[in-house]
Amino acid sequence: MKLYYNIKQIYEPKEGNKMKAIEIRNKYLNFFKSKGHSVIPSAPLIPENDPSVLFNTAGMQPLVPYLLGQKHPSGTRLTDYQKCLRTNDIDEVGDNRHLTFFEMLGNWSLGDYFKEESIAMSYEFLTKELGIPNEKLSVTCFKGDDDCVRDNVAYEAWKKAGIPDERIYFFGKDDNWWIAGEEGPCGPDTEMFYDTGKPKCSPECNPSCGCGKYVEIWNNVFMEFYKDKNGYSKLEQRNVDTGLGLERMTMLLEGKETPFDTELFKPVMDLLSKLQTNDNIQSRRIVAEHIRSSVMVINDGGRPSNVDRGYILRRLLRRMTRHLNKLGIDLEKLPEIIDCSIDCIKELYPELEKTREEIKKVIVEEKDKFMKTLQNGEREFDKVAKYLKNNGKTKLETESVFNLYETYGFPPEMTEELAKEQGLEVDMTDFKRLFEEHQEKSRLGSEQKFKGGLASTGEKEIMYHTATHLLNAALRVVLGDHVHQKGSNITEERMRFDFSHPAKMTDEEKQKAEDLVNKWINEKIDVTCFEMKKEEALKSGAECQFPERYPDVVTVYQIGDVSKEICGGPHVKNTGELGVFKIKKEEASSSGVRRIKAILE
Ligand code: SER
């Protein structure tokens, strides 16, 4: 399911056919119950017993073991509503379509029915239960490629249901294939679209076009493959995995143009309008959306921190606070806004009544912390500005703006504002690039996490992880103390290490670094791990790329007197396990940053 829509004219529900979110959910679960499905509970937003997955991002995620063949205690036909959070597009929230938290209604066949029955049930639900007219529906099917044939079975099933040829489209893997991440159960899908009645944006306009004429409403995945790095193999059982976004369907059936106009958001949006002193619709959406997501994350046990899911919650809350400021809303009103947000969804999630007070406390505390951070950022800005002025400079470089943003969470627009006040020019030309690079890194991080949940860290990756610490230490010996880690990426095949150094390494330097790592491997040094206060760890000289991302008490990995780093692990127990280390390549990564690719043989 793609999480966007952009519509101007929408379905006009007939009087009496307006449906609230809770009614749509109940109709869905009851319908599939009547078709022999067991209603199973929604898994928490934060996956249970799986520290490597950040959040559930689809209804199928908690069901992966069953899609792979394990027997489910409730049978082979399941249905549920699943709380989901997708944060890849967090910075897009504010437009009229992106959401981070959403609810996915789903039904599953675990080796039970397949394409024909799944399509017949979807059609019946949309047209009979929800009352959507046939002519408003268009569908897409997989067009076939070397991995899998064209989905003529889905095509025939849609024809049989009553969708005419001109509203059945065929697309490739980009549109009609579904997999969570890089590896796992997957297969061709068929997607259902709602035609808003807008004119086609071009003669070629079709459901894969983003112009807003078509709104995706449901995705049925026919999961009969498993993908790993060697390619596709057939699963033992053929499954169906479907997902229907509740917020989007609510928007259509309430006859609204954006999810923010539905009852799920409107009371909060109205309250923000009432409280604001500066009008800004994007900011109101960001506040309403991020509060709702944070409420749901905190309700399921999430707390703000500097790592992983806690860091995502922190980002949501910081962005929310920033936009409350932008709207000129008195921050003392925050508990009232949270109450209103909870009231909008308490029918869907009655459990919020129990956690309401705790949620408010967590959010208000985090807001207070962030306000302090902003003050620190401002102080830091003043230092930079003073330095520039004392040195006769009038321009603030992009790197400084980005550093204030990344290290102090200090918003670039505030930097710009303050700079203007002090008569300084701001160079923002490269900010977008730095920001995108940063986003790409966090995106890769999250994907890696998701992948980790399905296939945990392998032995080889662990070995490379330890080799990374050795290389970091070796480079500091060979090149100097100015070397610090600037990035790292590990696969089963190789390691990649980015570090600060102003010049290309000579062959001699490379050889020295390689020899040093191999010397330490041959010395069979124990790798030890202990916990200590972050402050003390940093004071004692422990290396750490992102100190601000670690909690107050950290894990430190030490390799004899060779290396000491703040790190989450895992690592090998002794350097003797690593084999032979070889540097394959040394190249520029970005300005002042070099990159080494290396292997263990
Ligand atoms: N897993 C599919 C999706 O997320 C169907 O639920 O779109």
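Details
- The residue of the range 295-312 that is nearest to Gln375 (Cα to Cα), among those that are buried (at least 18 other Cβ atoms within 10 Å of the Cβ) and touching an Asp or Glu at 6+ places or on another chain (Cβ under 8 Å), is Pro304.
- Residue list for the range 215-244, filter: away from the ligand (no atom under 16 Å from the Cβ) and touching an Asp or Glu at 6+ places or on another chain (Cβ under 9 Å): Asp228, Lys229, Gly231, Tyr232, Lys234, Gln237
- Residues being of a type in the set (Gly, Ala, Ser), surrounded by 16 or more Cβ atoms within 10 Å (Cβ to Cβ) and at pLDDT 95 or above are represented in the range 507-514 by at least one member.
- Taking the range 188-199 as the range and being more than 10 Å from the ligand (Cβ to nearest atom) and in a strand (DSSP E or B) as the test, the residues that pass are Pro188, Thr190, Met192, Phe193, Tyr194, Asp195.
- When restricted to residues that are outside any loop (DSSP other than H, G, I, E, B) and at pLDDT below 95, the range 478-487 contains 3.
- Put simply, of Lys367, Lys395 the only residue that is surrounded by 13 or more Cβ atoms within 10 Å (Cβ to Cβ) and at pLDDT 85 or above is Lys367.
- The C-beta contact set for the range 226-246 (first residue farther than 12 Å from Leu68 by Cβ and among the small types (Gly, Ala, Ser), second residue away from the ligand (no atom under 12 Å from the Cβ) and not in a strand (DSSP E or B), distance under 8 angstrom, 6+ apart or interchain) comprises Gly231/Asp147.
- Residues located in the range 287-316, provided they are of a type in the set (Ser, Thr, Tyr) and under 14 Å from Phe55 (Cβ atoms): Ser293, Ser294, Tyr311
- Those residues of the range 196-221 which are over 16 Å from Ser122 (Cβ atoms) and β-branched (Val, Ile, Thr), in sequence order: Thr196
- Being surrounded by 20 or more Cβ atoms within 10 Å (Cβ to Cβ), within 16 Å of the ligand (Cβ to nearest atom) and assigned to a loop (DSSP other than H, G, I, E, B) holds for only one residue in Pro207, Pro185, and it is Pro207.
- One residue stands out among those in the range 39-95 that are within 12 Å of the ligand (Cβ to nearest atom) and aliphatic (A, V, I, L, M): the one that is nearest to Asp300 (Cα to Cα), which is Ala58.
- Tally of residues being in a loop (DSSP other than H, G, I, E, B), buried (at least 16 other Cβ atoms within 10 Å of the Cβ) and of a type outside the set (D, E, K, R) across the range 18-38: 2
- Test: residue in the range 156-168 that is at pLDDT 95 or above and within 16 Å of the ligand (Cβ to nearest atom): no
The values are calculated or read from the model by the stated rules, or taken from the named source; none is laboratory data. Predicted model only: the values in this text are computed from it and were never measured. So basically every Cβ, Gly included, is an ideal-geometry build from the backbone, and we count neighbours across all protein chains shown.
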